[in-house]
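Participant: There's a structure below that I have some questions on.
The values are calculated or read from the model by the stated rules, or taken from the named source; none is laboratory data. Since the structure is predicted, the reported quantities are computational estimates derived from the model, not experimental observations. We place every Cβ from the backbone using ideal geometry, glycine too, and count neighbours over all the protein chains shown. With ligands, DNA and RNA removed, areas are computed over all heavy atoms of the protein, side chains included. Shrake-Rupley method; radii C 1.70, N 1.55, O 1.52, S 1.80 Å.
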Amino acid sequence: MNTKLTETDPENEETDYQSDDAYKGFALVLIAAAIICFFVVLHNQPAKTSADNAISKVSGTKGYQAEDPKEYWSIKGTIGDFTAGVAGTLFSFAGFVLLYLSLKKQSEANVMQQKAFNHDKTEGRFFELLKLHRDNVSDIKYSLVKREKITDEKGVKEIFETNIFESRHFFLAALEQFEEAYNELSHMFHKWPLEEIYTSEYLLTLKKNKEINTRNIDLLEYARIDIIYLIVFFGVSKSGIETVKSLTHNRYDLTFMSYILAFAALKPQQRSVYWTQWDLTNKLKPTDLITLRFNLANHRLGKEVDVNCFKQISVIDGKQTMLVNPYYPDKYEKYYGGHQFRLGHYFRHLYQTISFIDSSKELSSNEMYGYIRHLRGQLSTAEQILIFLNSLSQLGRIWELEEKKHGSAMPDAKQLITKYMIIKNIPNDVIFADIRISDYYPNVVFEGFDVPENKIIKEAALQREQIRTDMV
């Protein structure tokens with residue numbers, strides 16, 4: 001993507017200066033002409049002598065005819081009046097030109113003063129928003145109960161340990177949950193074909209999206225990231241499930257969404273009495289585990305299920321073989337409880353802050369980049385990865401890939417992730433086993449890695465960034 005810089009053109013500034021110099025030169029010429037006229041008049045005035053001396057000078061003996069002194073002063077006075085009138089006019093016109101230049105300079109000074117005021121106002125507002133961003137991060141708090149096995153003189157026993165994640169540490173916990181859900185629900189995306197995951201209308205829209213096609217984005221992985229992010233964001237409580245279904249009803253197949261949400265809701269919190277059943281069944285063979293979970297999901301969805309599938313099953317746990325009842329009622333706190341009240345305000349404020357700078361008419365493109373770079377410096381690596389995931393979900397695709405209403409491609413000038421290199425500090429290209437960041441943002445110049453096929457694009461981007469750095 002080529003980013004056009006909207007800087008003040010030095011050639012236009014030079015032209016303005018040349019125009020002012022031309023006006024000044026013209027005024028000086030007029031003043032010089034007026035002065036010359038004045039001296040011409042002065043030179044042609046007779047000496048202050050008597051009338052006889054004046055007559056003797058004009059009535060010499062070398063063939064000159066005598067003139068009447070009155071006629072002399074009449075002729076010379078007319079010439080003087082004419083010359084003085086011209087000189088006065090030139091002086092007046094020169095004064096008008098200088099007055100025009102003075103008023104023009106005053107007007108330009110007022111405009112510059114207003115621009116400086118608006119610039120300072122924009123800068124002040126930005127730093128207020130930046131402070132609010134820091135406050136938002138500082139206010140985040142999340143507690144998660146985990147079971148821990150300890151050994152004492154009485155043997156091995158389980159205890160509950162509450163882990164509290166505050167401020168930036170929360171983003172690490174959120175990413176860990178995303179990775180867990182991404183892996184636990186992977187079989188859903190291996191089982192269902194693409195046409196049965198998307199609605200036909202939305203799939204057609206994505207295939208027409210210029211950015212999706214240009215970047216050759218894998219639509220199956222695209223859906224997987226989106227749906228998993230929504231599950232982690234809203235959770236799978238009854239209200240969370242209804243919210244996710246409402247958001248995705250015109251994008252994903254309802255049957256598919258019902259199953260994947262039911263699967264995600266099977267996992268209880270570790271403090272739940274049903275956690276042991278969940279944990280032990282995870283030790284089954286993958287095929288047996290998927291079959292069991294499908295039966296549980298079907299039962300939750302009100303479908304007919306063979307009751308024999310819920311009989312006790314044998315599970316090998318280390319060196320022990322244990323009997324486990326795989327069935328448990330839907331009466332527990334879900335593991336994926338959601339982070340909407342933690343992340344919703346965070347992302348809304350972050351997007352509004354960047355959009356505020358991006359839409360400012362008081363800042364040059366280099367200044368905009370400088371401010372956003374300052375904001376980017378406040379983001380931890382975990383935050384940038386979460387921003388990346390958010391931008392691939394339907395909650396955040398407006399960052400770069402899709403317009404909110406129609407799903408069409410965003411204009412180049414509004415592709416904020418690439419335009420301001422917001423996620424450039426992510427150190428590794430591959431995250432969560434198979435998600436490659438550069439597949440979605442090939443034109444971002446990452447600090448930790450490079451993509452060979454985009455070397456020319458990246459070199460050009462690096463040069464642009466260096467220019468911006470030098471100018472900010």
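Participant: Under 8 Å for C-alpha pairs, at least 6 residues apart: give me the relative contact order for the stretch 172-329, rounded to a whole percent.
Facilitator: Dividing the mean separation by the residue count of the stretch 172-329 yields 20 percent.
Participant: Keeping the other protein chains in place, figure out the carbon and sulfur percent of the accessible area of the stretch 272-347, with a 1.4 Å probe.
Facilitator: 52
Participant: Could you give me the ³J(HN,Hα) list for the stretch 226-238, computed from phi with Karplus coefficients 6.51, -1.76, 1.60 and θ = phi - 60°, whole Hz, x at Gly and Pro?
Facilitator: Per residue, the Karplus-derived 3J(HN,Hα) values read 4, 5, 5, 4, 5, 5, 5, 6, 8, x, 10, 5, 4 Hz.
Participant: What's the ranking of 315-326, 191-202 by average number of surrounding C-beta atoms within 10 Å, highest first?
Facilitator: The densest-packed peptide leads the list: 191-202, 315-326.
Participant: Now, a different point. What does the charge add up to near residue 228, with Lys and Arg as +1, Asp and Glu as -1, over the other residues with Cβ less than 12 Å from its Cβ?
Facilitator: -4
Participant: Please go through the residue pairs 283/331; 191/334; 131/208; 191/283 and name each one whose alpha carbons sit more than 29 Å apart in this structure.
Facilitator: In this structure, 131/208 exceed 29 Å between Cα atoms.
Participant: Give the long-range amide H neighbours of residue 322: residues separated by 5 or more places, or on another chain, with amide H under 5 Å away, using H modelled in the peptide plane at 1.01 Å from N.
Facilitator: 315, 316, 317
Participant: May I pose another question? Of the lysine pairs in the stretch 341-460, how many meet both conditions: Cα atoms under 21 Å apart, and a spacing of 8 or more in sequence or different chains?
Facilitator: 11
Participant: Right, next: Heavy atoms only, probe 1.4 Å: what % of the accessible area of the stretch 174-213 goes to carbon and sulfur, would you let me know?
Facilitator: 52
Participant: Next question, about the same structure. Toward the positive end of the charge dipole of the stretch 187-306, about the Cα centre and with charges on Cβ (Lys, Arg +1; Asp, Glu -1), which of 189, 252, 280 goes farthest?
Facilitator: Looking along the dipole axis, the top candidate is 280.
Participant: Roughly how many Å² is the accessible area per residue of the stretch 192-290, as a whole number, for a 1.4 Å probe?
Facilitator: 44
Participant: Under a Cβ-Cβ cut-off of 15 Å, what is the net charge of the residues other than residue 194 that fall near it, where Lys and Arg count +1 and Asp and Glu count -1?
Facilitator: Value of the local net charge: -3.
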